[in-house]
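> Have a look at this one.
The values are calculated or read from the model by the stated rules, or taken from the named source; none is laboratory data. Please read these numbers as outputs of a predicted model, since none were measured by experiment. Here the Cβ is made from the backbone with ideal geometry for all residues, glycine too, and neighbour counts use every protein chain on show. In case anyone asks, the SASA skips ligands and DNA or RNA and just uses the protein heavy atoms, side chains included. Shrake-Rupley method; radii C 1.70, N 1.55, O 1.52, S 1.80 Å.
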Amino acid sequence: MAEIEVPGPEPEWEAAPSYQGEKRNPAFQQSMWTYAAGSFHLAGMVKPPLDALAGQLRLGVERGWEDLGDVDVAMFRISRFDFALSTFVGAVDPATFVWVSRSVNDVDMALGALFDALGLDRESLDFCSAVELGFEGFGGSPP
């Protein structure tokens, strides 16, 4: 079989993950998390760090990026609920965001399944989100 040689990148092309404004590179790269995040909606934020939560469930954590910077994410399923836990890498005040699949109709039931698996209670929430109602703060933390 003949070897096919692929030419190198054009010298004036920007990196694929760069902003697309006046970009000459025809490719725009996004992280796996950016694609997956469209399948989830934000359900809340919990106090424990992502590493502790992922360790409890023996989850793998993947590094991706989004507009605000690098993000660590663990995506998984408990019962019939799909979840993602995420945190921004190097954040001054690290927070663990809880994401639930958009197909979930009862977010409270899904959060209950997650908290049961983690051995946590609702006190671990800093805030909770409901699509219809907005955010509800807990524990003195502003949403």
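> In whole percent, what relative contact order does region 1-137 give with Cα contacts below 8 Å and a gap of six or more residues?
Relative contact order, region 1-137: 23 percent.
> Something else: Just how far, in whole angstrom, is region 1-48 from region 61-125 if you go by their alpha carbon centroids?
Answer, in whole Å: 23.
> Can you find, among ALA113, GLY8, LEU125, the residue farthest towards the positive end of the dipole of the chain? Put +1 on the C-beta of Lys and Arg, -1 on that of Asp and Glu.
Toward the positive end, the furthest listed residue is ALA113.
> Rounded to a whole number, what % of the accessible area of the chain do carbon and sulfur atoms account for, probe 1.4 Å?
Solvent-exposed carbon and sulfur of the chain make up 53 percent of the total.
> Hey, in the GNM for the chain with a 10 angstrom Cα cutoff, which one of PHE97, PHE127, PHE115 fluctuates hardest?
Maximum among the listed residues: PHE115.
> Now for a separate question. Treating the beta-carbon of each Lys and Arg as +1 and of each Asp and Glu as -1, no other charges, what is the dipole magnitude of the chain about its Cα centre, to the nearest 20 debye?
Approximately 380 debye in magnitude.
> Exactly which trypsin sites (Lys or Arg not before Pro) in region 26-129 are in a DSSP loop and have at most 14 other Cβ atoms within 10 Å?
ARG58, ARG80, ARG102
> Under the rule of -39500 (n - 2.57) per DSSP H run of 4 or more residues, summed and divided by the residues of the chain, what mean residue ellipticity at 222 nm is obtained, to the nearest 500 deg cm²/dmol?
On the way: 3 runs with 26 residues, N = 143.
Calculated from helices alone, the mean residue ellipticity at 222 nm is -5000 deg cm²/dmol.
> If the elastic network links every pair of Cα atoms under 10 Å, which of LEU68, LEU111, LEU85 fluctuates the most in the Gaussian network model of the chain?
Judging by the Gaussian network model, the answer is LEU68.
> Now a separate question. Name the residue farthest towards the positive end of the dipole of the chain from the options ALA36, LEU50, PHE83, assuming +1 on Cβ of Lys and Arg, -1 on Cβ of Asp and Glu, about the Cα centre.
About the Cα centre, the residue reaching furthest to the positive side is PHE83.
> Another question about this same structure. Taking each pair of different alpha-carbon atoms in the chain once, compute 1/r for the pair, average those values, and report the inverse of that mean as the Kirkwood hydrodynamic radius in Å to one decimal.
17.2
> When the chain is treated as a GNM, springs tying every alpha-carbon pair under 10 Å, which of PRO17, PRO49, PRO26 comes out with the largest mean-square fluctuation?
Top of the fluctuation ranking is PRO26.
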